[in-house]
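K.L.:
What follows is a structure written as structure tokens; I'll ask about it next.
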Amino acid sequence: MDVNIVNHWGLLQPYWLLLLPLPWLWLYWRRSQSVSWPRILPVLTVRYPLLGDLPQSSIDIKSNTKNRQADVMMSLAMSLMVLALSQPVHYTGFFEPEKKSAPVDLILVVGTALSMSLSDYEINGQIVDRLTLTRQLLDGFVSDYSGQRIGLVILGNPPALWLPLTSDKIIVQDAISRIRTFLGGRITDMGATLRLVSEHFKDQNEKVVVLISDGGAQVGAISPQEAAQELAAEGFSLYVIAVGSSDPDAGSLDKSSLIYEAVNLNMLQQVAKQGKGQLFHALNTQAFSDALEMIEKKHRKPIAKEGKKYLTRVWYPVPLALAMLLILYVSLRQSGSINKASGIRPSKIKSVEIK
């Protein structure tokens, strides 16, 4: 965060200053009325030598002067409280917030049919099968995922909800590591799987589905193309990542006794088209990773850029404390807590109650 230095003063709630004339209007009213101050503290007795010998007029003048001074101090105290309400601050710096984007929820649909056990990929000189490649790349994708939540669905016959939407990456990675071949059966029912996605995630605002499959043998009462069309009609965005080689000779990499099946790009292309999405062919590990990253970035919604963020130091306690001190001083003074005493003999001292 790059912080720039500034040095000026301001008010966070300046509209409170509209109340500033009220304390002085109150002072004007006090001057025009003969109103005595209420007693806040207990009545105290002031001892003053020869008080009875003083002219009554001089006492009244002192009392009136004292009240006028108290009125001015109270008006000043109320003005300071209004200033405190306006929240004076000292701006010491500012910074520009980083650009943000709205999070994206992804629903990953992973195929586990028999054909996903075919080995036609090579990672670091080692031949791996399609499902192993899928697990490894999804694990890395989740660790760097900047969206909000991820859900997992097993593409099979029957299909299964493997993990509801969650933002816990550790749980997602653990669920991915437990995906195995035949988890959803030897063949797949893509139509039923897409309908399962529609039923469980229809209430989500941002509906992004990523189908990872080799397009192997399909069963079911509804075709994958028809199910993808229904999914798109409900507001889902369906993307397909095709795993496996389209070259029939790539089966030479596989050491199992299974009959090699190349990826069915034609069928998967139709599914992506009907789902209003796009087909990505994972020819290698990099192409697979690029496809996942491109899908996530495409559905990031930019958030409106925020303005400058200022670093402030608050100063409202200062006028508030001054106002409290003035009020306390006036209260003590009007209640007779500021005493005048002398060393005259007690027999010559008269006691009076100051009102």
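The values are calculated or read from the model by the stated rules, or taken from the named source; none is laboratory data. Remember, predicted model here, so these are calculated numbers, not experimental data. A quick note on method: Cβ atoms are made from the backbone with ideal geometry, for glycine too, and the neighbour counts reach across all protein chains shown.
K.L.:
Quick one: would you say L76 is more than 30 Å from K207 (Cα to Cα) and either out of contact with any Cys (no Cβ under 8 Å at 6 or more places or on another chain) or modelled with pLDDT of 80 or more (or both)?
P.N.:
Yes; evaluated as a whole, the condition is true for this residue.
K.L.:
Based on this model, can you work out whether G235 counts as in the same structural domain as S117 (by TED's automatic domain parsing), in a loop (DSSP other than H, G, I, E, B), buried (at least 18 other Cβ atoms within 10 Å of the Cβ) and among the small types (G, A, S)?
P.N.:
Against the criterion (in the same structural domain as S117 (by TED's automatic domain parsing), in a loop (DSSP other than H, G, I, E, B), buried (at least 18 other Cβ atoms within 10 Å of the Cβ) and among the small types (G, A, S)), G235 does not qualify.
One line per residue, one yes/no per condition, for (1) surrounded by 17 or more Cβ atoms within 10 Å (Cβ to Cβ); (2) part of a helix (DSSP H, G or I); (3) of a type outside the set (S, T, N, Q); (4) not assigned by TED's automatic domain parsing to the domain that holds G156:
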| position | (1), (2), (3), (4) |
| --- | --- |
| T181 | yes, no, no, no |
| G184 | yes, no, yes, no |
| G191 | yes, yes, yes, no |
| L194 | yes, yes, yes, no |
| V209 | yes, no, yes, no |
| I222 | no, no, yes, no |
| A227 | yes, yes, yes, no |
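K.L.:
Sticking with this one: Taking into account only those residues within the stretch 135-175 that are touching a Gly at 6+ places or on another chain (Cβ under 8 Å) and of a type in the set (S, T, N, Q), which is surrounded by the fewest Cβ atoms within 10 Å (Cβ to Cβ)?
P.N.:
In this case the residue turns out to be T166.
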